[in-house]
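Q: Following this message is one structure expressed as structure tokens.
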Amino acid sequence: MAMTVRLSPETDARLTTYAEREGLSKQQALVQLIEQADLPGEREAKLKAIFDKVMVRDAELMERLADA
């Protein structure tokens, strides 16, 4: 899907600098930055899933630690 992004001259300059530093096109840089963004709720959901997995996997250890 094609998309036009309108940036201020300052933001465009920052994007250009980032893209050059990373050896990417500006389009690739935008995609990379979007994929790395901490979108609302995503980080919390990932951390909760990891926490839940550890609590199930290490339930016995957690009980022993709680009793120590």
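Q: What does the extension gain come out to for residue 68 and residue 1, with contour length at 0.36 nm per residue minus their alpha carbon separation?
A: Full-extension gain reported as 18.4 nm.
Q: To the nearest 20 Debye, how big is the dipole of the chain about its Cα centre, given +1 on the beta carbon of each Lys and Arg and -1 on that of each Asp and Glu?
A: That gives a dipole near 240 debye.
Q: Something else: For residue 39 and residue 13, what does the FRET efficiency come to when R0 = 30 Å and r is the distance between their Cβ atoms, rounded to the nearest 0.05?
A: 0.75
Q: Relative to a virtual label point 7 Å from the Cα of residue 53 in the Cα→beta-carbon direction, which members of region 27-43 show backbone nitrogen distances below 18 Å?
A: 42-43
Q: Please identify, among 58, 38, 12, the residue showing maximal mean-square fluctuation in a Gaussian network model of the chain using a 10 angstrom Cα cutoff.
A: Looking only at 58, 38, 12, the largest GNM fluctuation is found for 58.
Q: Nearest 500 deg cm²/dmol is fine: what mean residue ellipticity at 222 nm does the chain get from its DSSP H runs of n ≥ 4 alone, each adding -39,500 (n - 2.57), divided by its residue count?
A: Estimated from H runs of four or more residues: -23000 deg cm²/dmol.
Q: Place +1 on the Cβ of every Lys and Arg and -1 on the Cβ of every Asp and Glu in the chain, take the dipole about the Cα centre, and give the residue among 23, 1, 66 whose Cα lies farthest towards its positive end.
A: Going by the Cα projections, it comes out as 1.
Laboratory data are not the source of any read-out in this text; all were calculated from the coordinates shown. As the structure is a prediction and not an experimental result, all values here were calculated from the model. When we count neighbours, we look across all protein chains shown, and the Cβ atoms used for this are built from the backbone with ideal geometry, even at glycine.
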